[in-house]
Structures are given as structure tokens and as C-alpha cells.
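See structure below.
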Amino acid sequence: MPFSDASLTALRVALETSFGSGVANGQGWLECRQVNEDLAGTKEVVTSDEITPDRMPPDNINVGSGGSGTWTADLTGGFSLVPAGESWDKFFRCGLGSTSYSTPIGVNLTGAATLTPANAVDPDEITVAITGTPAVWPAWVNGEFITWAGWSGVRSVLNSVYKVKSGGGTATVTLSSGPRVPASPGTQPGTGVSVFTLGSVTNGSIFNSMVIERQYSVASQFAQMTGFYIAGFDVDMQPKRPCRLTWNFIGKDEASNTVTIGVTPSPASIAKALVLGNDLRSFSLDENGHDFFLNSFKMSVKSGAYPQDERAGTVGPIGIGLGTFGITGRYEFYYSNDTIAAGTVHDQYQKFTDKELHVGLANANGEWFFIHLPRINWTNGNRGTPGKDQPVKGWVEFQAAKGTGFPYMVKVGRL
């Protein structure tokens, strides 16, 4: 008889109408990509404490149940309204407690427009003026991030992420947190140039639980997990391998079935996995997007979720509580003389100064993934000597907190 093959399993998810209902909330099912996962129902069992003359426990007692596990996949960007398909929108909404993604705001330009980039007096800022049609930029909000595509020639370095400082709705926008304008940039014809805000979500307190179905290669075998909630997630960007996402779940229960409940799922995203070597487009500290570089980056989000599972007459959680939200991470870089990061970052760590950080990745298809942390503090760091025939690498660990001027601790975007 054939064994079930992991290479032939499928995972699909939907947001639930209510916790543990197992009913999709009207947005439908989504087939999802995976590297591995160990999602499962769990049992809490205690052994009887009764004393017996033969030393053998008389009973095992089921005192609780629930669900837990992790799900790891390659990190992809992509927007749900283009052929790449939805990547991780439902997951980030669940893990961050968000309602929905913002709608990207921007413009695809034509030859009727001409752009003139220039460096501003502030070394971390540039300006971009537009003439022709349209005569003004979209009404971007100060503090929002925009992505550029289509700059050519010496100006191609500007195909990055920038923060809007001022000028949305006018003919000249001032931007920060990105590369500087090269010497003698000239003007850029509008043909092929596009600029948009990212569709994004931020942390909140909206409850979104999931129903998850695993389909095995053995005929008519399904595992169905209801009331699963993302208690946290990890973003891991390492050199020479695909960037990864790991989702950490707690849940209500798991059941076996011979028929699917995940009917007519949308197909999994076809977006390409993002890789640091090819796809890092932007990294900034305190709006300086031109002096800092990275070797690796990690971010770990914990939603503070906990099971509410002590009601008499019910085995297992009746809900999920939303505890304290937290974010930690790690940034690693070569200790070199071509970047101010060598001494500056560790000086910031020693002085325990507040920092702002963002990182953006995009592939050749224009599929973006973006993180913004408006306030972090370096909490640990090292720049020691690893051994002969090895470069010195500096690293710092960080912890996020609620900042000033931003109503969120983290923003996650995609395009």
C-alpha cells in the first residue's frame, strides 16, 4: 500500500466567521505555499496521583486540549490584485490584529511627464519635481513610504523605497530614507516610471482566527484545524538562501475528515521567493538610507496571544486572549571602512538611543516586501574577533516600542 508523501500534501486556509467555527468568513479559501509545518491538535494529560499497592497508576486523565505548531515558507511579496496572487495577507492580518490592507496610491507615468531629481540640503533627503501631465504628485501623507520603478541610466539607483517628508499633492515632493541622487542626474522621461505607496497593515487589536486544512496524498484524508491563531511570526533574512517566514500558531482543535471543507481555494501565489543577494532594495536607520548595509536581518513578533481554556463543561479553548504585543530582532553587518555603520551602530547601542528602521526587498518582477519599525532600541551587540581568515562582523539586537508620531509599532507592506 502507498504511504502518504509530504511532497504531495496541500495546505489551505481561510479566516473564520468566529473563533472555532471552521467556517470561512466570505473571503474564501487560499491555497498556500510551505517549506514544512507541524500543525496539530494537542492533548493535556495527567497521570492519576492515586496510591496503589502494585505501584501502577490506575488512570490517565485528559484535562485539556488545544492546538499548536509552526508553518515555515519562503518569503514572497506580491499584491493580490495582480497575477502573482495573494501571498500572506490573511496571515499578517491575523498575526498583527489588523482589519485590511491599505490601498496603494500612486501613478503610472507616461511621456507627458518629466522628472527632475536632486539632493536636498539635508543629506538624508532628496527632492523630485514633476512637470507636464500630471502637474502634481498624488496626495501622499507625510510619513508614508513609496516605491519607485522605471528610473533609468545613472538614476536607476532611485528605484528604491523612500519616506515622504513633504510635498504630497504638489509639484515637488521631498523624500528621505533612500539612496542619494547621483551626480549630474539630468531629467527622467516619465515613460515607464511608476511610483506607489505599498499596500500595508499595522499592528492593532482586531481578532482574526483561521481554519486550516491539510490534504494528504492518501485518498480522502484531511486534517482540519479550527480556531487557529497566529501567536507570533519570524522573518529571517540570511545570505545565500531564500528569506523565510515562520508562523507560530496556537489553536482550538484538530479533526479528521474524509471530505474537504476548503472548497474551491484560490491558487497559491506564484511570486518568486525573495533573496537578500538579489533583492535588497532599501535599508535605513533614522532616515539615512545611503550609509548602512546589512548581511542578515531577523525580526520576531509575538502577539501575546494566550488560550482561554478553563471554563467548566468545555474541554479546550473557548477563545484566544490578546496579551501584550512585542517585537525583537537582530541586524548583522560587515565591520568595514566604507560605511559609518562600523562605529555608529555600536555607539548607538552603548548610548541606548532610540532608532527608526526600515528594510525593503523587491525582485525583478516588482514584487515588494517591506517592514517599518518607527522606534527600536539596541539591546545587545558584539563586534568581536571570530578567528583567523574571517571578516569581523558587527551585530546588534533590538527591541521595538511604541514611538512618537506613529500610531503603530510595525508596518508590513507589499506591492
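The values are calculated or read from the model by the stated rules, or taken from the named source; none is laboratory data. For clarity, every value in this text was computed on a predicted model and none was experimentally measured. Cβ coordinates were reconstructed from backbone atoms using ideal geometry, including for glycine residues, and neighbour counts include every protein chain displayed.
Figure legend. Inter-residue proximity from segment 47-62: first residues under 20 Å from residue 312 (Cα atoms), second residues of a type in the set (Lys, Arg) and surrounded by 10 or more Cβ atoms within 10 Å (Cβ to Cβ), beta-carbon distance below 9 Å, spacing 6+ or different chains. Indicated pairs: 62/43. Whether any residue in segment 339-356 is in contact (Cβ under 8 Å) with a residue 60 or more places away in the chain and in contact with a His (Cβ under 7 Å, 6 or more places away or on another chain) is what I want to check. No, the conditions are met nowhere in segment 339-356. Note on segment 398-415: residues that are surrounded by fewer than 18 Cβ atoms within 10 Å (Cβ to Cβ) and either assigned to a strand (DSSP E or B) or touching a helix residue (DSSP H, G or I) at 6+ places or on another chain (Cβ under 8 Å) (or both) amount to 1. You will find that of 223, 183, 219, the residue that is surrounded by fewer than 20 Cβ atoms within 10 Å (Cβ to Cβ), more than 24 Å from residue 413 (Cβ to Cβ), touching a Lys or Arg at 6+ places or on another chain (Cβ under 6 Å) and among the small types (Gly, Ala, Ser) is 223 and no other.
Considering segment 301-335, the residues that are touching a helix residue (DSSP H, G or I) at 6+ places or on another chain (Cβ under 8 Å) and aromatic (Phe, Trp, Tyr) include one that is farthest from residue 207 (Cα to Cα), namely 335. Considering 334, 349, the condition of being farther than 23 Å from residue 178 by Cβ, at pLDDT below 95 and not basic (Lys, Arg) is satisfied by 349 alone. Looking only at segment 363-381, residues that are in a strand (DSSP E or B) and either over 19 Å from the mean Cα position of the chain (by Cα) or of a type in the set (A, V, I, L, M) (or both) come to 8 in all. Among the residues of segment 19-35, the ones that are of a type outside the set (Val, Ile, Thr) and either free of Cβ contacts under 8 Å to residues at least 24 places away in the same chain or more than 22 Å from residue 101 (Cα to Cα) (or both) come to 6 in all. Do we have any residue at all in segment 174-187 that's under 23 Å from residue 361 (Cβ atoms), outside any loop (DSSP other than H, G, I, E, B), more than 19 Å from the chain's Cα centre (by Cα) and touching a residue at least 60 places away in the same chain (Cβ under 8 Å)? Yes, some residue in segment 174-187 is under 23 Å from residue 361 (Cβ atoms), outside any loop (DSSP other than H, G, I, E, B), more than 19 Å from the chain's Cα centre (by Cα) and touching a residue at least 60 places away in the same chain (Cβ under 8 Å). Residue 94 meets all of the listed conditions (1) within 27 Å of the chain's Cα centre (by Cα); (2) closer than 18 Å to residue 225 by Cβ; (3) not in a helix (DSSP H, G or I) but one, namely (3).
Scanning segment 352-376 for residues that are hydrophobic (A, V, I, L, M, F, W, C), in contact with an Asp or Glu (Cβ under 9 Å, 6 or more places away or on another chain) and either at pLDDT 95 or above or buried (at least 22 other Cβ atoms within 10 Å of the Cβ) (or both) yields 357, 361, 362, 369, 373, 376. Beta carbons closer than 7 Å, at least 6 apart along the sequence or on distinct chains, pair a first residue in segment 135-156 that is within 16 Å of residue 180 (Cα to Cα) and modelled with pLDDT of 95 or more with a second that is of a type in the set (Ser, Thr, Tyr) and part of a loop (DSSP other than H, G, I, E, B) for 148/160.
So that you can scan it fast, the table gives a plain yes or no per residue for (1) of a type in the set (Asp, Glu); (2) part of a strand (DSSP E or B); (3) touching a Gly at 6+ places or on another chain (Cβ under 7 Å):
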{"residue": "11", "(1), (2), (3)": "no, yes, no"}
{"residue": "50", "(1), (2), (3)": "yes, no, no"}
{"residue": "65", "(1), (2), (3)": "no, yes, yes"}
{"residue": "72", "(1), (2), (3)": "no, yes, no"}
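Filtered by the rule that a residue be of a type in the set (Val, Ile, Thr) and modelled with pLDDT of 95 or more, segment 377-395 gives a lone residue, 379.
Scanning segment 87-113 for residues that are more than 30 Å from residue 249 (Cα to Cα) and exposed (fewer than 15 other Cβ atoms within 10 Å of the Cβ) returns 108, 110, 111, 112.
Of the residues that sit in segment 131-152 and are among the aromatic types (Phe, Trp, Tyr) and in a loop (DSSP other than H, G, I, E, B), which one is nearest to the chain's Cα centre (by Cα)? Among those residues, the one meeting the criterion is 140. Identification of strands (runs of 3 or more DSSP E) wholly contained in segment 244-322 with 1 or more residues that are modelled with pLDDT of 95 or more and among the hydroxyl-bearing types (Ser, Thr, Tyr) yields 244-251, 253-257, 280-285, 296-302, 305-308.
Selection within segment 190-224: residues that are in a strand (DSSP E or B) and under 27 Å from residue 280 (Cβ atoms). The member of this set that is modelled with the lowest pLDDT is 199.
A single member of 206, 212 is in contact (Cβ under 8 Å) with a residue 12 or more places away in the chain, among the hydrophobic types (A, V, I, L, M, F, W, C) and surrounded by 15 or more Cβ atoms within 10 Å (Cβ to Cβ), and it is 212.
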